[in-house]
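*Asks:* A single structure is presented below for examination.
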Amino acid sequence: MALVQTGGEMFVQIAVGSGLLLGNITLAAIAAMMLEVVFARAHGWLLIEPHRPKLVVLVMGVSIWVLGVITAGTWIWALAYDALHVFPTLEESVYFSLVAYTTLGLGDIVPAQEWRLLAGMEAANGFLNFGLLTALLIEALRQVRINQVEQRRKTGG
């Protein structure tokens, strides 16, 4: 009987974790789409000289945007931990979520056995989001810089 209960608990963890993963992936996709809209609107401004200060602004803006998405993703997991009473306090839920999402994994607090699969799923989610959002940052910079160089060639600068 204990094996069936453990198996059931495992599937509940997988279902909850999958839902949280999908929520975070959706959040990152919407954030990427919104960032693309911002780039499209700023495209003309980014092509006007001087370019380098605008690249600094771009890096700062996108970095803050990425940190915002990462923070929101961490909070989604933390609020789920709190709602599931995985940890006694919201502060512990947020702390654990931040440690798991960033794959830091200190191990000073850990979820109870019936929720420990969520830690690995959150770490995978954070690892994926950091990679995707870093790729977004690099691609945005690359595209802007390519367009700036092409604009300079067209205008003879």
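Quick note: the coordinates plus some simple rules give every number you see, no bench work behind them. Since this is a predicted model, take the numbers as computed values, not measurements. Neighbour counts run over all protein chains shown; Cβ positions are idealised from the backbone, glycine included.
*Asks:* Give just the number: which of (1) aliphatic (A, V, I, L, M); (2) surrounded by 15 or more Cβ atoms within 10 Å (Cβ to Cβ); (3) assigned to a helix (DSSP H, G or I); (4) out of contact with any Pro (no Cβ under 8 Å at 6 or more places or on another chain) does Leu118 not satisfy?
*Replies:* (4)
*Asks:* Going through Ala112, Ala80 one at a time, which residue ends up being closer than 14 Å to Asn125 by Cβ and either in contact with a His (Cβ under 7 Å, 6 or more places away or on another chain) or of a type outside the set (Lys, Arg) (or both)?
*Replies:* Testing whether each residue is closer than 14 Å to Asn125 by Cβ and either in contact with a His (Cβ under 7 Å, 6 or more places away or on another chain) or of a type outside the set (Lys, Arg) (or both) leaves just Ala80.
*Asks:* Is it the case that the range 73-89 has a residue that's under 30 Å from Ile48 (Cβ atoms), touching a residue at least 40 places away in the same chain (Cβ under 8 Å), surrounded by 18 or more Cβ atoms within 10 Å (Cβ to Cβ) and within 16 Å of the chain's Cα centre (by Cα)?
*Replies:* Looking for residues that are under 30 Å from Ile48 (Cβ atoms), touching a residue at least 40 places away in the same chain (Cβ under 8 Å), surrounded by 18 or more Cβ atoms within 10 Å (Cβ to Cβ) and within 16 Å of the chain's Cα centre (by Cα), one finds none in the range 73-89, hence no.
*Asks:* While we're here: Quick check on the range 129-157: of everything there that is under 17 Å from the mean Cα position of the chain (by Cα) and in contact (Cβ under 8 Å) with a residue 12 or more places away in the chain, which residue is surrounded by the fewest Cβ atoms within 10 Å (Cβ to Cβ)?
*Replies:* Out of the qualifying residues, it is Thr134.
*Asks:* Filter the range 55-68 for residues that are surrounded by 11 or more Cβ atoms within 10 Å (Cβ to Cβ), within 19 Å of Gln151 (Cβ to Cβ) and free of Cβ contacts under 8 Å to residues at least 40 places away in the same chain and give the result.
*Replies:* Residue satisfying the conditions is Val57 alone.
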